[in-house]
Amino acid sequence: MRPLMTRINILSCFVSAMVLAGCGSSSSGGGSTETGSLSFSVTDAPIDNADNVFVEFTGIEIKPAGGSSILFNFDTPKKIDLLAQQGGNSALLITNEAVPSGDYNWIRLAVNAESDGDPQNHSYIVINNTPHELEVPSGSQSGLKLNTGFTVPAGGSANFTIDFDLRHSVVLASGDYKLKPVLRLIDNEGAATLSGMVDSTLISTVCTDANVFAGAVYLYSGHDVVPDDIDINAPNPIATATVALNDQATEYVYTAAFLPAGNYTVTYSCDTDDADVDDSLNFQPATNISLAASANETVNF
């Protein structure tokens, strides 16, 4: 593996233009000494039957297309409750960091996921008010990697959100909770939002106890998709959004944010989902929608 560069290494390289190429700078033209700013946040698609999902991040690594990887180590680990990052919320990992401009090949999130007998020491999940260790297979050694490219413009800024999609990611195996992340990278420039209401009469009909779970809205890529539960088979939703009472406790609402522009099939279900089980969810009639860049659209059920 090529040696990793710390944040201090990067800044010292920027001081001297003569050695910028050695800092892993890259651009479409190659050998660029220009820089841009980079920000990363994390968000989450919800998971059923969990109170909290805490993941402790220790750093983030990025790989320029034409140079060695760059590592930002956090001075203090960032323990983030991913379940609090829904409905358009997100938590910052790095903000406006100066990096070489150009194309990048991948991103790696460094996490603390050691099993040491204390379920709240590093990363953990809370079920029915009880914390459980959350194992990230090889997470503490190799981190969580997104093999997704991105570009940092010269003299400009790039702002991305990483969606953890916990409905796909958290599994229960032999009594242990494991995070097998399904990660999605969203360019915040042009990201769209879909929101709406679910009729309370419908919820009272299809939900066993809306105070516990009022269902979720599922978004599938493309029009006329036949909705399916989350499993190893296609189609799987590109995003999900929890339905809950608004702040005034008058309407059931949802928000699905950080969506790329495109065509979607949108539907609702109050059945709970498990990524390891064929749940045979009962979905409401689906709606086709096209989202333009930066659009804010509404679909009600």
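The values are calculated or read from the model by the stated rules, or taken from the named source; none is laboratory data. Note that this is a predicted model, so its numbers are computed, not measured. Cβ: placed from backbone, ideal geometry, glycine included. Neighbour counts: every protein chain shown. Heads up: the accessible areas ignore ligands, DNA and RNA and are worked out on the full protein's heavy atoms, side chains in. Shrake-Rupley method; radii C 1.70, N 1.55, O 1.52, S 1.80 Å.
Condition first: in a strand (DSSP E or B) and either of a type in the set (Asp, Glu) or over 30 Å from Asp271 (Cα atoms) (or both). Now tell me which residues in region 48-67 satisfy that. Residues satisfying the conditions are Glu56, Phe57, Thr58, Gly59, Ile60, Glu61, Ile62, Lys63, Pro64. With respect to the conditions (1) surrounded by fewer than 17 Cβ atoms within 10 Å (Cβ to Cβ); (2) farther than 28 Å from Asn263 by Cβ; (3) modelled with pLDDT of 90 or more, Thr148 lacks only one, and its number is (2). Within region 194-226, the residues that satisfy the criterion of being in contact with a strand residue (DSSP E or B) (Cβ under 7 Å, 6 or more places away or on another chain), outside any strand (DSSP E or B) and either among the charged types (D, E, K, R) or surrounded by fewer than 20 Cβ atoms within 10 Å (Cβ to Cβ) (or both) are Ser200, Ile203, Gly222, His223, Asp224. Residue count for region 110-140 under the criterion of being at pLDDT 75 or above and touching a Gly at 6+ places or on another chain (Cβ under 7 Å): the result is 2. Out of Phe160, Phe164, one residue alone is surrounded by 14 or more Cβ atoms within 10 Å (Cβ to Cβ), among the aromatic types (Phe, Trp, Tyr), touching a strand residue (DSSP E or B) at 6+ places or on another chain (Cβ under 6 Å) and closer than 30 Å to Phe40 by Cβ. It is Phe160. Within region 43-89, being more than 15 Å from Val170 (Cβ to Cβ), open to solvent by less than 20 Å² (accessible area, probe 1.4 Å), under 19 Å from the mean Cα position of the chain (by Cα) and of a type in the set (Val, Ile, Thr) holds for Thr43, Ile60, Ile62.
Matching residues to (1) assigned to a strand (DSSP E or B); (2) in contact with a Ser or Thr (Cβ under 6 Å, 6 or more places away or on another chain); (3) touching a residue at least 24 places away in the same chain (Cβ under 8 Å); (4) under 14 Å from Phe57 (Cβ atoms):
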| residue | (1), (2), (3), (4) |
| --- | --- |
| Val99 | yes, no, yes, no |
| Asp103 | yes, yes, yes, no |
| His122 | no, no, yes, yes |
| Ile125 | yes, no, yes, no |
| Gly155 | no, no, yes, no |
| Ile162 | yes, no, yes, yes |
| Pro181 | no, yes, yes, yes |
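Condition first: under 30 Å from Asn128 (Cα atoms) and at pLDDT below 95. Can you find one or more residues in region 257-268 that meet it? Yes, some residue in region 257-268 is under 30 Å from Asn128 (Cα atoms) and at pLDDT below 95.
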